[in-house]
Amino acid sequence: MHISRISLLAVLLLATVSGGAMTAEARAPQGSEEHARPPGGAAGIEAEGPLTLFDAVGDALIDLGDMFRDGQVAPEDGRRAFDFYIDLAESGDPSAITVVLPPGAFGNTAAPVAVDGYNAAKAYQTALSVGQVEGLLRLGDLYREGEVVPLNLTAAFAYFSQAAAAGSQTGKLTTGEMLALGQGVSQDVEAGIAQVRGVASMGSASGLVLLGDLLSGRIEAAMDVEEAIAAYEKAASMGRMDALVRLGDLFRNGAAVDADHSRAFRYYREAMEGGSELGRLRVAELLVRGQGVKQDAAAGLALIEAAAEASNTDALNLLGDLFSEGVRGAVSVNLPKALHYFNLAAEAGSTTGKLRLGEMLARGEGAAPDPERGLTLIREISDTGSARAALLLGDLLTDAAVGPIDAVAAIRAYEQAAAQEDPVALLRLGDLLSDGRLVTAEVERAFGYYRRAMTAGSETGKLRVGEMLVRGQGVNKDYAAGLELVAEVAASGRSRAYLLLGDLLVDPDAPAPNGAAGVAAYERAAALGETSAWLRLGDLFRDGIAVPADGPRAAEYYRRAAVVRPEPAAEASEQSP
């Protein structure tokens, strides 16, 4: 009875025990409030027919895998549960469905135990062998996150692809996302977004949220803010409070749209009223800062502290941020207090809290400098495959204020993040290898990193590639192609791109310097708040570079530069993690 399923079960168990893809060592729990764990059950797959023995065993194995993954089951209890489910499945007795006990019945511990990535993967694989397709999604998450098993994006993409082929909407969405980002597969932004858009068009709220994420700046080259807003608003109308939080973030940050704190506050308040804890924290933060609403620091802090007392890691990290930065007229900078909150967040399993704690210890903020301990904390997260941690580690290793610079180790850290096509890490590597301050300059290699950053959607990478093509640095000179790339970025409203465009147009070494176009580019940069553009214009007309010398006009530009002007609003930066 059920020979094909039981045979497959035996084969998978043998592959798991002998190694195969399941050779990951168990790792200490890292925790991550940034990634909500999916509940049990076959996400995105319609159940057909009545619940069978294999359905019940598969669901129980998924739950058991989650407990191994999250450090919620002692090893011996987990093994007893696993053996029990295998015996039930091998019995093939339909009546045995009445004795499929939940994993917690074998010993659900509240005491902290080590997470066990190996046995989590084993449970998910075995669930898959009895027909539970959710196992594919869990395995994909496991290898994509890289928290309790080594990061393996290629394996993750393969698992999600199999889930998509089995009809899982979650599988289709995730493979589309990974395709657009170039994670575990060659990047194809257009095809990836089209796949996500297709699922969203069928009324998937999750698809709409993901589409909004991809179009609102996550991939600069694919930005379409109007479509992103429409997707988020439609998802919100379907009850997705996280879509409202994202809309609030969009209008609060002002990177992809003009900042509108009042509108952001309305979105956050609507999310809070819909039961979103994150919406409540955003409302509280704006009350503290007086953004989009009359400032009421006492009320805002009370909301945040209430959540922090319940060990909400987002609240603990927010308090750490507030006390590390301070808020004028509301919160004084208190680095020891900030360190305390980040430490509490880290103890509660927050990856963000642990990273911030490590950074503050390394820099001696809020406590005596302890670079060794701080870097160790960050390395622990970096070793799980976290690009964010690897990027921070590289930054600290190249900061003389932290300790002796270790450029070789920093490059290794950046390369770890770059392996995930992280655009900031790719830019860091390009900068290190192009300027030659900390390591021997290798401009050809630098060009390669900048080109990868451009391919990953980075406009800064596109600027670097354009400039190097124009100047023939690390690549055969192609003035027209390079200038076109820089002009494309400038057309999106980037003041520094206009500044660079002006430099390239009036360069005496250009094939045909174009003074008029250079002046227009500099004036556009100045209009966008780039004060140094006035100085360049003054120099241009003072010295007669690419334009006729004109002393009075030069003086006028210098006068404008002398007027105190605010620096341009921070453009969406890829230079910091």
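Observations
- Residues of the range 245-264 satisfying the condition of being at pLDDT 95 or above and either surrounded by fewer than 21 Cβ atoms within 10 Å (Cβ to Cβ) or on the phi > 0 side of the Ramachandran plot (or both): ASP249, ASP260, HIS261, SER262, ARG263
- Scanning the range 513-536 for residues that are over 21 Å from ALA561 (Cβ atoms) and not small (Gly, Ala, Ser) turns up at least one hit.
- Just one of (1) open to solvent by 30 Å² or more (accessible area, probe 1.4 Å); (2) in contact (Cβ under 8 Å) with a residue 12 or more places away in the chain; (3) closer than 22 Å to GLU488 by Cα fails for VAL185. It is (3).
- The condition of being under 20 Å from the mean Cα position of the chain (by Cα) and under 24 Å from ALA236 (Cβ atoms) holds for only one of LEU142, LEU179, LEU153, LEU173, that being LEU173.
Conditions (1) surrounded by 23 or more Cβ atoms within 10 Å (Cβ to Cβ); (2) in contact with a strand residue (DSSP E or B) (Cβ under 9 Å, 6 or more places away or on another chain); (3) under 17 Å from ASP83 (Cβ atoms), marked per residue:
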residue: VAL113; (1), (2), (3): no, yes, no
residue: ALA123; (1), (2), (3): yes, no, yes
residue: ASP141; (1), (2), (3): no, no, no
residue: GLU145; (1), (2), (3): no, no, no
residue: VAL149; (1), (2), (3): yes, no, no
residue: ALA156; (1), (2), (3): yes, no, no
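- Single residue of the range 434-471 satisfying the filter (among the charged types (D, E, K, R) and not in a helix (DSSP H, G or I)) that is farthest from ASP399 (Cα to Cα): GLU442
- Candidates GLU220, GLU190, GLU227 - the one that is open to solvent by less than 40 Å² (accessible area, probe 1.4 Å), within 17 Å of GLY457 (Cβ to Cβ) and of a type in the set (D, E, K, R): GLU220
- Taking the criterion of being buried (at least 22 other Cβ atoms within 10 Å of the Cβ) and farther than 24 Å from ALA255 by Cα, the residues of the range 442-473 that qualify are ALA446, TYR449, MET468, LEU469, VAL470.
- Boolean, GLY167 is out of contact with any Gly (no Cβ under 9 Å at 6 or more places or on another chain) and assigned to a loop (DSSP other than H, G, I, E, B): no
- Residue check, GLY518 crowded, with 20+ Cβ neighbours inside 10 Å, within 26 Å of GLU484 (Cβ to Cβ) and touching a residue at least 12 places away in the same chain (Cβ under 8 Å): yes
- Residue check for ILE405: among the β-branched types (Val, Ile, Thr) and either assigned to a loop (DSSP other than H, G, I, E, B) or within 13 Å of LEU355 (Cβ to Cβ) (or both): yes
- Filter result for ARG356 (basic (Lys, Arg), under 23 Å from VAL185 (Cβ atoms) and either crowded, with 24+ Cβ neighbours inside 10 Å or out of contact with any strand residue (DSSP E or B) (no Cβ under 9 Å at 6 or more places or on another chain) (or both)): no
- A count restricted to the range 195-209 and to residues that are farther than 22 Å from LEU153 by Cβ, over 19 Å from the mean Cα position of the chain (by Cα) and assigned to a helix (DSSP H, G or I) stands at 5.
- Within the range 475-501, the set of residues being buried (at least 22 other Cβ atoms within 10 Å of the Cβ) and either touching a His at 6+ places or on another chain (Cβ under 9 Å) or part of a loop (DSSP other than H, G, I, E, B) (or both) comprises just one member, ARG494.
- Residue within the range 208-221 that is without any contact (Cβ under 8 Å) to a residue 60 or more places away in the chain, among the polar types (S, T, N, Q) and on the phi < 0 side of the Ramachandran plot present: yes
- Screening ALA345, ALA330, ALA315 for residues that are open to solvent by 30 Å² or more (accessible area, probe 1.4 Å) and either of a type in the set (A, V, I, L, M) or under 19 Å from the mean Cα position of the chain (by Cα) (or both) leaves exactly one candidate, ALA330.
- Looking across the range 64-106 at every residue that is small (Gly, Ala, Ser) and under 27 Å from TYR143 (Cα atoms), the one that is modelled with the highest pLDDT is identified as GLY65.
- Scanning the range 227-280 for residues that are more than 23 Å from LYS294 (Cα to Cα) and part of a helix (DSSP H, G or I) yields a count of 14.
- Here GLU372 does not qualify as touching a helix residue (DSSP H, G or I) at 6+ places or on another chain (Cβ under 8 Å) and open to solvent by 10 Å² or more (accessible area, probe 1.4 Å).
- Entry remark, the range 175-194: residues being under 22 Å from ASN152 (Cβ atoms) and assigned to a helix (DSSP H, G or I) number 8 in total.
- In the range 289-333, the residues that are closer than 21 Å to GLY275 by Cβ and among the charged types (D, E, K, R): GLU305, GLU309, ASP314
- Within the range 521-543, the set of residues being open to solvent by less than 30 Å² (accessible area, probe 1.4 Å) and either of a type outside the set (A, V, I, L, M, F, W, C) or in contact (Cβ under 8 Å) with a residue 40 or more places away in the chain (or both) comprises TYR522, GLY529, GLU530, THR531, GLY538.
- Looking only at the range 307-316, residues that are assigned to a helix (DSSP H, G or I) and touching a helix residue (DSSP H, G or I) at 6+ places or on another chain (Cβ under 8 Å) come to 6 in all.
- Some residue of the range 246-253 being farther than 21 Å from VAL225 by Cβ and in contact (Cβ under 8 Å) with a residue 40 or more places away in the chain: no
- Residues (surrounded by fewer than 20 Cβ atoms within 10 Å (Cβ to Cβ) and of a type outside the set (A, V, I, L, M, F, W, C)) located in the range 430-441: ASP431, ASP435, GLY436, ARG437, THR440
- Filter pass, ALA123 being hydrophobic (A, V, I, L, M, F, W, C), part of a helix (DSSP H, G or I) and within 23 Å of the chain's Cα centre (by Cα): no
The values are calculated or read from the model by the stated rules, or taken from the named source; none is laboratory data. Quick caveat: nothing in here was measured; it's all calculated off a predicted structure. Ideal geometry is used to build each Cβ from the backbone, glycine not excepted, and the neighbour counts take in all protein chains shown. With ligands, DNA and RNA removed, areas are computed over all heavy atoms of the protein, side chains included. Shrake-Rupley method; radii C 1.70, N 1.55, O 1.52, S 1.80 Å.
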